[in-house]
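For reference, the structure is listed below as structure tokens.
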């Protein structure tokens, strides 16, 4: 059958190989009596079943429940009824008292009480609540072997559904095979549950075949069958498949309810076809379908996710006007989230106020959404005020609240304040999670405070905070950037000991660190290890190794890397080719570099300055300014705008005497008009040339243009122009250099 073909497993092998076999399987494991120490004293009196049930329902802990039961058993006129036993199972099941449940079950077996199938449903529900699924399955054997009650279709369906909802799909297969081997009849509910299981396992085709099998078994699919399949198609992103199932439903004359219509509306919204969802609502209204709260919430959510928050707000107003359709906290949270994603935090706060006016209590999600948006918008103080408002309403900030505030403070470079919040959350009993620690570790690494970052890692381990690959990747990156390769290797090895799977980013980060520290051979070995672990090297992996070999002038190994890249199905990109061109130019093989550039142009690859710049620089050195400028202008003609590096290479080449002074002046005017500033050495050489040719006026214009492009302040311009007016050109240039250097330090680069 369809389900068996997907998740086949022998149920008998399964039952023999239970990791923790239920004590229920062996009668010898049962205690002969319910044994425990009495903590309460009750006198011997005549009690009724109702009185015992009332007492039991008033007790909330295991010992009290057992005391009452033990006392009742000692009363001469009391005989436990099925209702009493069931109440015992419910009470003990609520707190997960498995051993006590077993004792009560043994007592029930020894009594004259006649049991029913529904009694065992309570046991299954109780075991499932505490993820004791093996024990839940073993209830089937207890029924038949210990109590002589043969499990029927209803209890099998109940158990199957519990397992499906828990996503224990392998156990679902085992139980349904057991059901078949026992000759238990499958009904429509059974098929519906199995179809749901297959949909959860992303086995949509077998799920469809299972519905067809229902007809073979003489069963007729009901609305739940069809909607379960529709939902399965929708979760796979196949709305057309879901609509096809709807057509089958109509052909079969199966009556549809709100469940069907809302499922399809959810489908339209999930794939972003919100306008079709709205049209579908109008179309269905002709068939006496009227939107309910779920419909409105689905549409609001769909509109917000597709960026149509304005329309979502209009729909919210419609809900306000419709009697019986008051928006709930989920509706408001959806709209607030949509507004925050668009950066409309003030409007989101207005919706929060609207909630309060309408007596809809915001929850932590409501506040966290706005707090996170405020922090990302660098409005940390406003976020802090909102946290105070949250606590004043009796809502405790959770880990997400604190994380948002810490993230905002880090982004605002207020790290000391972030650490204070970190300590505050711990003092208030809110346990930091891996996201909290990752943010702080990342900040420490970015500031080269690696000892502090490693201390936080140890703290995570000591408090059993889950470690993830991001934590380790951040540390490896920080250590590599600070040339602490040995320590990075230790962290890399520690991942395996902690059971954290390395990913491509882990390997790429460490390989890049090794290459930049002139240990490329180890990097190449690490790439081999990466492949052995089942990870596929990507462009970043190969480009890191390629960059090292090109800088070292080892063209043979560089070309081997590119060849390995192609062989392994990783298509080289413009960075790869640009790096190889740079290596060829460094090795003096300018002709090969030019041919390689022509070949990638023929591939219709978008060529960037990264590929042109090394060739232009080498042409200036080897072939003169004319050849270099021809290549530079070709670069512009072919739609590749020069970048800052391009202009600096050309300005240096021309200003150092490689071309005419007119070309050099025109080039500097061109680059400054685009916001690029030449290297001061180029400016100085050009200034010397202009002064030698008595072109001081041009020099003044040139300096003025540079100052405008660099956005000099008025007082700085006045000082330099003052020197130029009295022909103190050397002083003017020295001052210009000093002011440019200050800006370069602030910005890192021009």
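The values are calculated or read from the model by the stated rules, or taken from the named source; none is laboratory data. These figures come from a predicted structure and were not determined experimentally. FYI the Cβ positions are ideal-geometry reconstructions off the backbone, even for glycines, and counts take in every protein chain you see.
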Checklist line | Members of region 690-729 found to be assigned to a loop (DSSP other than H, G, I, E, B) and within 21 Å of residue 649 (Cα to Cα), listed by number | finding: 710
Note to self: For region 281-293: of the residues being in a helix (DSSP H, G or I) and touching a residue at least 12 places away in the same chain (Cβ under 8 Å), which is farthest from residue 333 (Cα to Cα)?
What the structure shows: 284
Check: Among the helices (runs of 4 or more DSSP H) confined wholly to region 56-117, which include 1 or more residues that are within 16 Å of residue 143 (Cβ to Cβ)?
Finding: 82-94, 98-110
Next item on the list: Search region 372-381 for residues being under 27 Å from the mean Cα position of the chain (by Cα) and part of a helix (DSSP H, G or I), and hand back the single one that is nearest to residue 408 (Cα to Cα).
Entry: 375
Notebook entry, point to check: Taking region 592-639 only, how many residues are closer than 26 Å to residue 556 by Cα and in a helix (DSSP H, G or I)?
Noted result: 25
Next item on the list: Please enumerate the residues belonging to region 546-569 that are crowded, with 18+ Cβ neighbours inside 10 Å and over 12 Å from residue 583 (Cβ atoms).
Entry: 565
Checklist line | residue 642 being within 30 Å of residue 692 (Cβ to Cβ) and part of a loop (DSSP other than H, G, I, E, B) | finding: yes
Checklist line | Members of region 207-248 that are within 28 Å of the chain's Cα centre (by Cα) and either within 18 Å of residue 187 (Cβ to Cβ) or in the same structural domain as residue 298 (by TED's automatic domain parsing) (or both) | finding: 228, 229
Next item on the list: Answer with yes or no whether residue 278 is over 26 Å from the mean Cα position of the chain (by Cα) and either part of a helix (DSSP H, G or I) or in the same structural domain as residue 344 (by TED's automatic domain parsing) (or both).
Entry: yes
Notebook entry, point to check: Name the residues in region 130-170 that are within 15 Å of residue 198 (Cβ to Cβ) and without any contact (Cβ under 8 Å) to a residue 60 or more places away in the chain, would you?
Noted result: 160, 161, 163, 164, 165, 167, 168
Next item on the list: Could you tell me which numbered condition residue 687 fails, if it satisfies all but one of (1) over 19 Å from residue 744 (Cβ atoms); (2) assigned to a helix (DSSP H, G or I)?
Entry: (1)
Check: Taking the stated definitions as given, is residue 298 surrounded by 21 or more Cβ atoms within 10 Å (Cβ to Cβ), at pLDDT 90 or above and closer than 19 Å to residue 265 by Cβ?
Finding: no
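Quick grid of which residues meet (1) surrounded by fewer than 22 Cβ atoms within 10 Å (Cβ to Cβ); (2) touching a helix residue (DSSP H, G or I) at 6+ places or on another chain (Cβ under 6 Å); (3) at pLDDT below 90:
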residue: 115; (1), (2), (3): yes, yes, yes
residue: 118; (1), (2), (3): yes, no, yes
residue: 147; (1), (2), (3): yes, no, yes
residue: 151; (1), (2), (3): yes, yes, no
residue: 154; (1), (2), (3): yes, no, no
residue: 158; (1), (2), (3): yes, yes, no
residue: 162; (1), (2), (3): no, yes, no
residue: 166; (1), (2), (3): yes, no, no
Notebook entry, point to check: Somewhere in region 730-737, is a residue within 43 Å of the chain's Cα centre (by Cα) and modelled with pLDDT of 90 or more?
Noted result: no
Margin query: It is to be established whether one or more residues within region 683-694 are within 21 Å of residue 741 (Cβ to Cβ), surrounded by fewer than 18 Cβ atoms within 10 Å (Cβ to Cβ), under 48 Å from the mean Cα position of the chain (by Cα) and assigned by TED's automatic domain parsing to the domain that holds residue 738.
Written below: no
